[in-house]
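One structure is given below, encoded as structure tokens.
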Amino acid sequence: AVTRNISHVDFSAVDSFEAVYKDALGKEYQLSIIGAQRIQQILSNQLEQLGEDGERTQNTGTTSERAAETASPVVEEPTPEIQAPTDREVSISTSQEIIEAPICSQPTAISTQELAASNDLHEKCVHLNVVLKSYGIQAFPVDEALVQQAARFTRFKLELKPGETEANLKKRSEDIARELEATGEVFIGRINGTRYIGLDVPFSGNNKPLLLLEHLDRLSNASGALNIMAGQTADGNYQIVDLAKAPHMLIAGTTGSGKTIFLYSIIVSLLQQFSSDELELLIVDPKQTDFHFFEGLPHLRGGRVLTDADEAVAALETINAVDKVERTNLIKSLNSRDIDSYNAKNPAQKMKRLVVVIDEYADLVQAAELQGRDVRKSFESNLCMLAQRVRNLGIHLVIATQQPRATIVTSSLKAVLPFRVSFRLPSHTDSQTILDRSGAEDLLGKGDMLMLTDSDMLRMQGFFIPEDDLISFIDAKKD
């Protein structure tokens with residue numbers, strides 16, 4: 001007796017099943033359709049298994065034996081008798097009948113939406129395994145259970161085999177992005193404290209906005225002194241930054257990249273936590289269009305947003321010449337080392353924290369230069385000196401610009417602003433200026449950012465706040 005078998009690996013089918021095919025001469029063929037779920041199961045659980053000593057060992061069984069061990073019970077279906085026109089068209093007809101054949105039913109407890117998401121994740125993991133193998137990347141099969149979903153990214157955790165390098169994986173990043181049909185550049189980086197490499201892929205379906213007001217309650221559980229909601233990382237966690245520890249920020253991004261909305265997130269986060277008796281804001285808006293919503297806030301120094309560049313330069317000079325000296329003397333008078341220690345010893349008259357938000361730093365530099373080159377040098381020198389010396393005094397600078405040129409963002413300024421955030425930028429040169437590395441030119445826009453901290457580089461999706469919600473929030477704080 002001769003057994004005729006046709007096995008078909010079908011990545012478009014989730015489940016596996018079997019059927020019988022008869023050709024024109026009445027000969028029977030056993031069809032075995034291997035779907036994405038079975039393929040992933042074989043790759044993940046059989047080809048590499050964890051031995052008793054914790055090391056990965058190769059399964060010594062044959063391929064058929066390993067497949068049989070992981071095979072799901074076959075649901076018996078009525079044997080279809082399908083007539084093919086000719087022997088020459090057997091393979092084509094078989095492929096067509098595979099698509100039309102019945103598949104195993106799924107548990108009814110799973111919703112259609114959850115099932116579709118699960119099936120989609122199966123296919124993505126299997127596809128990624130195939131792509132890595134096709135480009136010669138030596139990696140263990142992707143563990144579906146470790147895949148993390150965020151608002152805009154899907155993070156796959158890759159474990160490279162001994163001898164494989166992260167650099168080799170990064171060289172193929174564009175090819176991997178193309179094969180996975182990513183909507184933008186994939187971000188590859190080591191996940192600190194683990195053996196995994198994070199592969200963050202933006203897919204077309206991952207575009208759900210993160211509404212800031214829905215997440216402000218997270219600030220109540222944070223332990224920092226001056227917390228802000230920064231965004232969501234690719235692993236799905238929400239990043240809260242303590243501005244008091246930063247202690248200053250440099251932010252860059254082109255129009256539409258999300259820079260201004262990020263500044264809104266900073267201000268709204270602070271207003272959510274602190275009253276006008278605890279916090280003072282100095283907001284500089286040379287464009288006069290983005291921050292007029294905040295006019296009249298009791299937190300504002302002078303009760304208004306500064307829109308004149310010359311006036312803003314003068315305000316910064318006042319902080320350097322007056323506020324810095326006064327705060328230093330007060331802290332020294334109580335034998336304290338910083339604002340926290342001073343406020344703990346003097347609870348009846350606490351010192352306010354002062355946060356300076358500058359929307360377009362380039363306008364201030366140009367305004368100073370119009371008064372003379374010496375005035376510009378003095379302004380930049382005083383600003384750098386201010387940033388160096390006011391950390392313990394409760395004064396914090398948030399400087400943003402659309403023009404991250406080296407003539408504007410000087411090396412001296414970058415040295416005192418180590419905490420930097422970059423949204424999408426026009427070129428790798430601009431990215432190099434802000435982050436000391438390329439990458440910001442490949443960001444997706446609309447809140448997609450790279451954040452450089454004192455120890456790491458994070459890719460995140462920023463929050464969004466609609467204009468109506470922003471106005472309602474601010475009006476409530478004015479009452």
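The values are calculated or read from the model by the stated rules, or taken from the named source; none is laboratory data. Keep in mind that this is a model prediction, so the values were computed, not measured. Neighbour counts are summed over all protein chains in view; Cβ atoms, including those assigned to glycine, are modelled from backbone coordinates with ideal geometry. Side chains included, ligands, DNA and RNA excluded: accessible areas come from the protein's heavy atoms. Shrake-Rupley method; radii C 1.70, N 1.55, O 1.52, S 1.80 Å.
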| request: Would you be able to tell me the number of residues in segment 152-187 that are hydrophobic (A, V, I, L, M, F, W, C), touching a residue at least 40 places away in the same chain (Cβ under 8 Å) and surrounded by fewer than 20 Cβ atoms within 10 Å (Cβ to Cβ)? | output: 1
| If you go through segment 261-285 one residue at a time, how many are within 16 Å of Leu397 (Cβ to Cβ) and either touching a Leu at 6+ places or on another chain (Cβ under 8 Å) or outside any helix (DSSP H, G or I) (or both)? | 10
| field | Residue count, segment 188-200 (criterion: in a loop (DSSP other than H, G, I, E, B), free of Cβ contacts under 8 Å to residues at least 40 places away in the same chain, over 19 Å from Tyr238 (Cα atoms) and not charged (D, E, K, R)) | value | 1
| note | Within segment 5-23, residues modelled with pLDDT under 80, more than 35 Å from the chain's Cα centre (by Cα) and either under 13 Å from His127 (Cα atoms) or open to solvent by 50 Å² or more (accessible area, probe 1.4 Å) (or both) come out as none
| remark: If we keep only residues of segment 223-239 that are touching a helix residue (DSSP H, G or I) at 6+ places or on another chain (Cβ under 9 Å) and assigned to a loop (DSSP other than H, G, I, E, B), then the residue surrounded by the most Cβ atoms within 10 Å (Cβ to Cβ) is Leu226
| note | The lone condition Arg337 fails out of (1) at pLDDT 90 or above; (2) open to solvent by less than 50 Å² (accessible area, probe 1.4 Å); (3) under 17 Å from His396 (Cα atoms) is (2)
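Enumerate the helices (runs of 4 or more DSSP H) found wholly within segment 307-350, keeping only those where 2 or more residues are more than 18 Å from Leu281 (Cα to Cα).
324-333, 339-345
For every residue, the table says whether it meets (1) of a type in the set (Asp, Glu); (2) at pLDDT 85 or above.
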| residue | (1), (2) |
| --- | --- |
| Gln106 | no, no |
| Ser118 | no, no |
| Val130 | no, yes |
| Ser134 | no, yes |
| Thr154 | no, yes |
| Glu166 | yes, yes |
| Glu179 | yes, yes |
| message | Give me the residue from segment 334-379 that is among the acidic types (Asp, Glu) and without any contact (Cβ under 8 Å) to a residue 40 or more places away in the chain and, out of that set, nearest to Gln288 (Cα to Cα). | response | Glu369
| task | Say whether the condition of being open to solvent by 10 Å² or more (accessible area, probe 1.4 Å), part of a loop (DSSP other than H, G, I, E, B), more than 27 Å from Ser412 (Cα to Cα) and polar (S, T, N, Q) is met by at least one residue in segment 246-258. | result | no
| message | Can you say whether Leu282 is of a type outside the set (Asp, Glu), open to solvent by less than 10 Å² (accessible area, probe 1.4 Å), more than 28 Å from the chain's Cα centre (by Cα) and within 26 Å of Leu210 (Cα to Cα), as far as the supplied structure shows? | response | no
